[in-house]
Amino acid sequence: MALTRKNIPETEALAASGGENSAKDVSDATNSPASGFSIDEGEVARFSALAAKWWDVKGEFAPLHKFNPTRVRFIRDTCLLHFPHLDGDDIHPFDHMRLLDVGCGGGLLSEPMRRMGFEVTGLDASEKNIGTARAHAAQGNLDIRYLAQTVEQLAASGEPQFDVVLCMEVIEHVADPREFLKTCASLVKPGGLMFVATLNRTTKAFALGIVAAEYVLRWVPQGTHDWNKFLKPSEIEDFLSETDLTPDPAVGVSYNPILDQWALSNDIAVNYMMVARHF
């Protein structure tokens, strides 16, 4: 176990952590190449090309760095309410609980999850993303298990189920979202949780999530999102109806340009998060 995750204040765990990272990519020689029905080779190539920039807070992933504290706090608070044995006053309340971060990228969510005590497995189809994630975790002495695999490969390997599975901002980039989500759900143990975050397929989401974010404000590279791959909450609910998980109503996440901050809201027309529970 790493020796630096203890005695870390919650405010530090809620931060994305890090800054610019110029570490070299490290390939995962111990894993076979990522493969599976959900893989979209074009999307994998797109994010692989940006792998070295995950921890640049002013670069292509700057919006995720600003978004991160809101989603980390949402995950933390939801888990504390769901698992009655946990102590919210504990600095690392999730000790000995297993968490899977599907589509972990450079580790922006995996790291704060580990700091709060979870035993984290970060999964990504891009070896370059995994290399960046491993290098950055090593800088902070964080013992995170990173695998360059798809969720289909992990499920087929006989991996034990997890207390919490994260599918955050990833389902809109896969080839078969229904089967992808069903596979992710199969890795949630009874009594566990799955979190899904994505963009709604609405006119407002097209205007703000693509036109404004990619072409006007240039928050993210052009072509990052395909509006046709955005998913309505009702579609997520439909996918989950074929699993053992029961979804809560979607929760909106909205950006305040005056405060330059993200916050939970009642508006699910653009960004939203959904919690699914394995009762």
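Selection of strands (runs of 3 or more DSSP E) fully inside region 240-279 by the criterion of at least 2 residues being of a type outside the set (A, V, I, L, M, F, W, C) and touching a residue at least 60 places away in the same chain (Cβ under 8 Å) returns 271-277. Restricting attention to region 232-241, the residues that are over 14 Å from Glu179 (Cα atoms) and either open to solvent by less than 50 Å² (accessible area, probe 1.4 Å) or of a type in the set (Asp, Glu) (or both) total 1. Restricted to region 167-179, and to residues there that are closer than 12 Å to Leu240 by Cβ and crowded, with 22+ Cβ neighbours inside 10 Å, the residue that is nearest to the chain's Cα centre (by Cα) is Cys167. Of the helices (runs of 4 or more DSSP H) lying entirely inside region 34-148, those carrying at least 1 residues that are modelled with pLDDT of 90 or more and touching a helix residue (DSSP H, G or I) at 6+ places or on another chain (Cβ under 8 Å) are 62-82, 110-115, 127-139. Summed over region 83-115, residues that are open to solvent by 40 Å² or more (accessible area, probe 1.4 Å) and touching a residue at least 60 places away in the same chain (Cβ under 8 Å) total 2. Please indicate, with yes or no, whether at least one residue in region 184-202 is over 21 Å from Ser241 (Cβ atoms), touching a residue at least 12 places away in the same chain (Cβ under 8 Å) and either among the charged types (D, E, K, R) or surrounded by fewer than 21 Cβ atoms within 10 Å (Cβ to Cβ) (or both). Yes, the conditions are met somewhere in region 184-202.
The values are calculated or read from the model by the stated rules, or taken from the named source; none is laboratory data. Not measured: the values here are computed from a predicted model. When we count neighbours, we look across all protein chains shown, and the Cβ atoms used for this are built from the backbone with ideal geometry, even at glycine. When the accessible area is computed, the model is the full protein with side chains, heavy atoms only, and any ligands, DNA or RNA have been set aside. Shrake-Rupley method; radii C 1.70, N 1.55, O 1.52, S 1.80 Å.
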